[in-house]
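The values are calculated or read from the model by the stated rules, or taken from the named source; none is laboratory data. Worth saying up front: this structure is predicted, and the values here are computed from it rather than measured. Heads up, the Cβs are rebuilt from the backbone with ideal geometry, glycines too, and the neighbour counts pull from every protein chain shown.
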Amino acid sequence: MLSILDRYIGRSILLTSMLVMLTLVALAGIFGFIAELDDVGKGNYSVAKAAQYVFLTLPGKAYLLFSPAVLLGSLLGLGAIASNSELTVMRAAGVSNARIIRAVLFTGVCLMILVALLGEYVVPKSEQVAEELRLTAMEKRVSVRGRSGLWVKSGEKFVNISTVMPDLTLLGLSIFEFSNERMLSSTNVSQAARTAEGWVLTDLRITEFRDTGTVLRQVEQEIWPQLVSAEVLQGLSISPESLSVKNLIDQVAYLQSNNLDSERVELALWIKLTSPFATIVMLMLSLPFVFGSQRTGGAGQKIFIGIMLGIGYVLLNKLLTHLGLANGFTPAFSALLPLCLFLCLAIIGIQRIT
């Protein structure tokens, strides 16, 4: 059962954190909408479509800004309690610093669950819908991975895709099948559409390489149960950071089973797994500043501290994760390193006030 103290501290942190989150997301949305105005007028991309696109990307912006917003909200919420001498009253009533810290950490667990659900279920879907809306309105086709298109390895087949439509319809495919380093067939396909039965391939021109010679066949339509996994195709077409944990795991398994480089996707997976824990670390990091500045420093100082710590975490997280990967460290180590550094700083600070 939660005590009155737990609910009061939790409510103070939640209210200020959500207020900061709304402010930051609103600013990010305004700047994003201004940037989208450059593309208004292309195809059917109107101001209303641009506004709808920006609205759909707001969950992704909220996910990225969640930890800094919680840090800043905690500094303001707990700072308000401290400035009103409520922490002093709590201590005089026999409430220890450890008891107050426990209430703060319980709120952190609730926020951690919230951001995990946001990143797993809301952000991937909203980002996908937003991109499909934008591309369809601009009447664009998604050109993938260079001038020669996207190359995908699936078992003994190598598939080259020149164009991916917003609904994942594939145009201009070349499929090469090998066995023991020998090419068995080469198939050119004009279009492949994904259905419940599999991939429907249209206008196939098949060249089979046999011992007795070359056989050419032309087929109007065929259904292939397996060609390219839709989840893999989505993962290769959009940023791995926008995928859910389930899709990232499928992506890693696919790349590893085909002996392809999976480090970038593994890094995105570990960052996704560790991001919710950054919420608790940010709350812990705010505690030494609140308890250590009950008599000095106002809201302006706390806001400055929160902004600097939030920016520092975001920049250091980006820097260390990519530097670690570039220097041969495992994706897990690269993702955990910045989180562990800030956790150590938070623990050292908390030990000084308890």
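Do we find that LEU75 is out of contact with any Ser or Thr (no Cβ under 8 Å at 6 or more places or on another chain), closer than 16 Å to ARG11 by Cα, in the same structural domain as LEU64 (by TED's automatic domain parsing) and hydrophobic (A, V, I, L, M, F, W, C) in this structure? When the stated conditions are applied, LEU75 does not pass them.
If you filter region 184-207 down to residues that are assigned to a strand (DSSP E or B) and among the charged types (D, E, K, R), you find that the one that is surrounded by the most Cβ atoms within 10 Å (Cβ to Cβ) is ARG194. In the condition set (1) among the charged types (D, E, K, R); (2) part of a helix (DSSP H, G or I); (3) modelled with pLDDT under 90, LYS42 is compliant with all but (2).
Out of ALA80, ALA51, ALA93, I need the residue that is surrounded by fewer than 19 Cβ atoms within 10 Å (Cβ to Cβ), at pLDDT 95 or above and either of a type outside the set (Asp, Glu) or in contact with a helix residue (DSSP H, G or I) (Cβ under 7 Å, 6 or more places away or on another chain) (or both). Which one?
Working: ALA80 fails: at pLDDT 95 or above; ALA93 fails: at pLDDT 95 or above.
Of ALA80, ALA51, ALA93, the one residue that is surrounded by fewer than 19 Cβ atoms within 10 Å (Cβ to Cβ), at pLDDT 95 or above and either of a type outside the set (Asp, Glu) or in contact with a helix residue (DSSP H, G or I) (Cβ under 7 Å, 6 or more places away or on another chain) (or both) is ALA51.
Between GLY43, GLY29, the distinction of being on the phi > 0 side of the Ramachandran plot and in the same structural domain as ALA103 (by TED's automatic domain parsing) belongs to GLY43 only.
Criterion first (of a type outside the set (D, E, K, R), under 22 Å from the mean Cα position of the chain (by Cα), part of a helix (DSSP H, G or I) and modelled with pLDDT under 85) does THR274 satisfy it? Judged against the criteria, THR274 is not a match.
Only one of LEU201, LEU216 is over 25 Å from ALA130 (Cα atoms), touching a Lys or Arg at 6+ places or on another chain (Cβ under 8 Å), at pLDDT 75 or above and outside the structural domain of GLU131 (by TED's automatic domain parsing). Can you tell me which?
Going through LEU201, LEU216 in turn, the sole match is LEU216.
The listed residues are ILE307, ILE348, ILE303, and the only one of them that is closer than 29 Å to ALA80 by Cα and either at pLDDT 80 or above or part of a loop (DSSP other than H, G, I, E, B) (or both) turns out to be ILE348.
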